[in-house]
Amino acid sequence: MRAEDKDSPIRIWLAVIMLGIASFIMVTTEFAPIGLLSQIALDLGKDQAAVGLTMTLYAWIGAASGLLSAVLLQKFPRKPLLIVLMLVLSATNLAAMISHSFDGLLLARTVGAIVHGFFWAMAAAVASQIAPSHRMGVATAIVFGGISMATVVGVPLANLVGQASGWRTAFGSIGAVGLLTSVLMGVVLPKMQPGSPAGWRELGSVFRRPDLLGIYAVTAFMAAANFAAYTFIEPFLREVPNLPHVMIGALLFGFGGAGFLGNILTGLLIDRFMKSIITAGLVALCLALVGLGWFGPQLGTGRVLVLLVIWGAAIAALFAGLQTWILRAAGATVMSAAAIHSAVINSAIGFGAIFGARILTVSSVSGVMLAAGMVVIVPLLLILLQAAPRAAPKERGTF
């Protein structure tokens, strides 16, 4: 599924960057309720735990559609398909803006989740295949930089727009940016041939590979722990003593800024130090979440910010690192393996949101952070007890 013509290096990297921008819009759409949780709950007459569970609906539908994409979407040309997905996602944000009931919001996000799963199943794999093979890690990091930028700019900006003009304006703004992104994708993305339909047999062959299953297990526990905590980060920050509510957006900027820097460093180093980066990311994630949970908001603004920075850098490194590992290990089944990895991440987000909501019903937001930090011990043990691939670009990973 290489580009049809010989594009210049500048055109190729502009296309990869545009896929990163598209991923930013996708992830901002998914995570927008996190920065607007309290506002949505108050406006629609729901409690915070119920609104938090919209993350679960979004994630699980995205997981199912991502898995199906390997079978249903392979025969379609990649460029028009990606553009159409972005247009539909923009429409769902505008629909969320005008929703005046919780059911209306759920319907808009259901359609968005289907699009989200289709997009994420292809984006990183497409970027890795249009970029030079020895720069796969860099291309993957750029696309997954959309996650970091969504936390750097997307969620904090949604929070700030929500504080100033309401949560509906925040969703409308995301939709407008998505429409502009669709136009730019049409300009810079190269023409790409459709792939061969993977079929259920190829998906089954991926599930029978122990090395890939090991990576999926690490990803699942890591993502579930992260999003159990991240879903309720805004209520946690609201309990920091003497912190003005307008400063919540600034702290979220700190979290996302660290993620952006972590993503850049990962892109530079992942081709040489894959296992070390993933291991260090898990250790840092565990320590940050346990620290926030053990000491709680009473740590004060400065110490909370430090732990948020560690958390943000760690999770960015983990997402980019694990996705690169999958793409290297998959070999000829790269699209199917990437689709399953997307499904694993989205399923884990859903389970994480449910786990966090359950903990919140019996404990506090600090308890959610502590419990999530303890879960990170599981993937850390999996990494330490099993073998990981060396980072040679063409080497197939083992676990």
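The values are calculated or read from the model by the stated rules, or taken from the named source; none is laboratory data. Treat the numbers as computed from the prediction; the structure is a model and nothing was measured. Please note: Cβ atoms are built from the backbone with ideal geometry, for glycine as well, and neighbour counts cover all protein chains shown.
Tabulated values for the structure
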quantity: Residue match in the range 75-94 (condition: under 30 Å from SER8 (Cα atoms), basic (Lys, Arg) and modelled with pLDDT of 85 or more); calculated: yes
quantity: Test result for ILE277, at pLDDT below 90 and either farther than 27 Å from GLN163 by Cα or assigned to a helix (DSSP H, G or I) (or both); calculated: no
quantity: Meets criteria (in a helix (DSSP H, G or I), charged (D, E, K, R) and either modelled with pLDDT under 75 or within 20 Å of the chain's Cα centre (by Cα) (or both)) for ARG168; calculated: no
quantity: Pick from the range 5-49, criterion touching a residue at least 60 places away in the same chain (Cβ under 8 Å) and among the acidic types (Asp, Glu), ranking: farthest from GLY256 (Cα to Cα); calculated: ASP5
quantity: Residues satisfying the stated conditions in the range 364-399, i.e. modelled with pLDDT of 85 or more and outside any helix (DSSP H, G or I); calculated: SER364, VAL376
quantity: Spans of helices (runs of 4 or more DSSP H) in the range 175-264 with at least 3 residues among the aliphatic types (A, V, I, L, M); calculated: 210-230
quantity: Residue that is modelled with the highest pLDDT, among those in the range 191-210 that are surrounded by fewer than 19 Cβ atoms within 10 Å (Cβ to Cβ) and closer than 19 Å to PRO77 by Cα; calculated: LYS191
quantity: Qualifying position, being buried (at least 21 other Cβ atoms within 10 Å of the Cβ) and either over 16 Å from LEU106 (Cα atoms) or among the basic types (Lys, Arg) (or both), among MET55, MET26; calculated: MET26
quantity: Failed item in (1) of a type in the set (Val, Ile, Thr); (2) at pLDDT 85 or above; (3) within 20 Å of the chain's Cα centre (by Cα), with ILE264 passing the rest; calculated: (2)
quantity: Residue match in the range 308-331 (condition: aliphatic (A, V, I, L, M), part of a helix (DSSP H, G or I), modelled with pLDDT under 85 and more than 20 Å from ILE270 (Cβ to Cβ)); calculated: no
quantity: Any hit, the range 332-352, residues being under 14 Å from the mean Cα position of the chain (by Cα), closer than 18 Å to PRO379 by Cβ and aromatic (Phe, Trp, Tyr); calculated: no
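Residue by residue, here is whether (1) over 21 Å from the mean Cα position of the chain (by Cα); (2) more than 24 Å from LEU184 (Cβ to Cβ) holds:
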position	(1), (2)
ASP43	yes, yes
GLN48	yes, yes
LEU53	no, yes
VAL71	yes, yes
VAL84	no, no
THR92	no, no
SER99	yes, yes
HIS116	no, no
ALA139	no, no
